[in-house]
């Protein structure tokens, strides 16, 4: 699939200001109008329109997000998402379904069932990183700012090895390797992400928030699990604070208390409206994300040049099979 590229603008040689803040302008009412139409057409087409609706929502959310006076844009289409989902279902979904159900239908012995179960888990362990890489490659390739496309250039096989090894070590250490596992995964994703020809980077350490993780484990019962909101906030701050772009570094000021209020507010909003409050919960989350993430440093945007990258929606479709809709971050 050939990606059509817009002609990039010519920026002045002067560097941009040293403080850059994301601003989200979207409103729940506007997204509600899109959402209602999407639901109606999805029901009318027996689910087929879901992919076009998904693209419409992303175009709205990206188009309402601004950085330094210019808004982002999403260029994905429902047709390519649908084809990606169908391809993923055939290539990956059928083998996984066969491993789960064929032994039972054939009344296979215990040994065969155990072997196919192990094979299914092994296949999922491979498919999850394949889905994450494919989805990130597709989403970044369809995202632009000031006419310049983002891209992801990491190799799928490399991330599969990294993910499989990390998952195994996490299991063998009863979860103690989890912080290092997530840091390494995040580092891979950021170090292979580009804006034009400029690469993002990550300088965090594998044990960067191990202490916070241990505190969260120890305080899970006394706090009824609420401590994990503070852990997630500290994880987000660590990831953003150690992410860089040529000339700038990201900063996050999110806290556990703010994150807890956001999640509880969204939960109540959706529950009390029987799901109709989803658009307001979505825009609240987008506004929250932008409010607590900034960039500090002088960006040399004149040095950024467009570079064509190929990407399909197969990874996006595979991620949909696992029902794990990850964000760009």
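Points to keep in mind about this one:
- Of the helices (runs of 4 or more DSSP H) lying entirely inside the range 74-156, those containing at least 1 residues that are within 30 Å of residue 198 (Cβ to Cβ) and at pLDDT 80 or above span 78-88, 110-141.
- The set of residues from the range 188-199 being over 15 Å from residue 143 (Cα atoms) and in a loop (DSSP other than H, G, I, E, B) comprises just one member, 192.
- Pick from the range 161-175, criterion touching a residue at least 24 places away in the same chain (Cβ under 8 Å) and over 17 Å from the mean Cα position of the chain (by Cα), ranking: nearest to residue 204 (Cα to Cα): 162
- Total residues in the range 21-61, condition part of a helix (DSSP H, G or I) and within 14 Å of residue 277 (Cα to Cα): 10
- Test for residue 216: is it more than 20 Å from the chain's Cα centre (by Cα), within 24 Å of residue 151 (Cβ to Cβ) and not in a loop (DSSP other than H, G, I, E, B): no
- Any chance residue 288 is within 20 Å of the chain's Cα centre (by Cα) and either assigned to a helix (DSSP H, G or I) or surrounded by fewer than 17 Cβ atoms within 10 Å (Cβ to Cβ) (or both): yes
- Test: residue in the range 245-260 that is in a helix (DSSP H, G or I), out of contact with any helix residue (DSSP H, G or I) (no Cβ under 8 Å at 6 or more places or on another chain) and closer than 28 Å to residue 54 by Cβ: no
- Pairs with Cβ under 8 Å, 6+ apart, first in the range 192-204 and under 20 Å from residue 179 (Cα atoms), second in a loop (DSSP other than H, G, I, E, B): 202/242; 203/242; 204/242
- Any hit, the range 217-225, residues being closer than 25 Å to residue 130 by Cα and modelled with pLDDT of 95 or more: no
- The selection criterion, being within 30 Å of residue 248 (Cα to Cα), outside any helix (DSSP H, G or I), modelled with pLDDT of 80 or more and touching a helix residue (DSSP H, G or I) at 6+ places or on another chain (Cβ under 9 Å), holds for residue 71.
The values are calculated or read from the model by the stated rules, or taken from the named source; none is laboratory data. If you're wondering where the values come from, they're calculated on a predicted model, not measured in any experiment. So basically every Cβ, Gly included, is an ideal-geometry build from the backbone, and we count neighbours across all protein chains shown.
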